[in-house]
Ligand code: SF4
Ligand code: SF4
């Protein structure tokens, strides 16, 4: 009979402890989130896939298409595409492809980038069963609404056009000079 009461007392004691914990947690701020309706605030040193950094002054990236990130990537998962455009200083970035399926998040590309044009993103929502979903054009990701046109320098444009015109006239000049030389030689003989 005494064992029976002992069990009841132990049960009540355990119930009281349980209720105490429940009450304490009820008034404590929850640490869980209503995912996917709420997103996690990542720590500053979290490494998501790399991304192009938006320059607050220009509103676009700082990439000069030097290719140092591409060269330094040990797994070859970066492809930088760029072209020369009339009146624009340097090369214009046309695509920045990251194959995240082979990225080891080593950080070599970020370290190699002198203009600090790339950094690790806070992206963690990347679940997919398709490989294609892990191949990103970081330029498109930065400007989903469309990539802004680069600024044209009128002075540079003028110089480039003059140079082109001069290059076009060069063969005609050479031919005229050659002809002149030949006719002089004929006159002498
Ligand atoms: S973090 Fe490393 S593996 Fe990933 S893209 Fe950069 S250099 Fe390549
Ligand atoms: S991201 Fe940096 S290292 Fe890579 S091409 Fe652009 S400027 Fe060069």
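We did not get these values from a lab; they are worked out from the coordinates using the rules stated. Here the structure is a predicted model, which is why all the values come from computation and not from measurement. Don't worry about glycine lacking a Cβ; one is built from the backbone with ideal geometry, like all the others, and counts go over all protein chains shown.
Listed by first and then second residue, the pairs linking a residue in segment 101-116 that is under 15 Å from residue 67 (Cβ atoms) to a residue that is in a loop (DSSP other than H, G, I, E, B) and more than 8 Å from ligand 2 (Cβ to nearest atom), with Cβ atoms under 7 Å apart and 6 or more places separating them unless they lie on different chains, are 108/73; 108/74; 109/73.
For residue 151, state whether it is more than 14 Å from ligand 1 (Cβ to nearest atom), outside any helix (DSSP H, G or I) and either closer than 30 Å to residue 47 by Cα or touching a strand residue (DSSP E or B) at 6+ places or on another chain (Cβ under 9 Å) (or both). Break it down into steps so the answer makes sense when it comes.
Details: more than 14 Å from ligand 1 (Cβ to nearest atom): yes; outside any helix (DSSP H, G or I): yes; either closer than 30 Å to residue 47 by Cα or touching a strand residue (DSSP E or B) at 6+ places or on another chain (Cβ under 9 Å) (or both): no.
The answer is no for residue 151.
Residue count for segment 138-170 satisfying the condition of being within 16 Å of residue 83 (Cα to Cα) and loosely packed, with under 12 Cβ neighbours inside 10 Å: 3. Candidates in segment 80-110 are the residues that are more than 16 Å from ligand 2 (Cβ to nearest atom) and in contact with a helix residue (DSSP H, G or I) (Cβ under 7 Å, 6 or more places away or on another chain); of these, the one that is farthest from residue 147 (Cα to Cα) is 101. Residues that are touching a strand residue (DSSP E or B) at 6+ places or on another chain (Cβ under 7 Å) and under 19 Å from residue 81 (Cα atoms) were ranked within segment 111-133; the one that is farthest from ligand 2 (Cβ to nearest atom) is 119. For segment 63-83, the set of residues classified as part of a helix (DSSP H, G or I), surrounded by fewer than 17 Cβ atoms within 10 Å (Cβ to Cβ) and near ligand 1 (Cβ under 7 Å from one of its atoms) consists of 72 only.
Looking only at segment 26-52, which residues are within 16 Å of ligand 1 (Cβ to nearest atom), assigned to a loop (DSSP other than H, G, I, E, B) and surrounded by 12 or more Cβ atoms within 10 Å (Cβ to Cβ)? Break it down stepwise before answering.
So in segment 26-52, the residues within 16 Å of ligand 1 (Cβ to nearest atom) come out as 45-52.
The next check asks that each one be assigned to a loop (DSSP other than H, G, I, E, B); those that pass are 45-49.
Selection gives 46, 47, 48, 49.
Mind counting the residues in segment 84-110 that are touching a strand residue (DSSP E or B) at 6+ places or on another chain (Cβ under 8 Å), assigned to a loop (DSSP other than H, G, I, E, B) and near ligand 1 (Cβ under 7 Å from one of its atoms)? Qualifying residue count for the region: 3.
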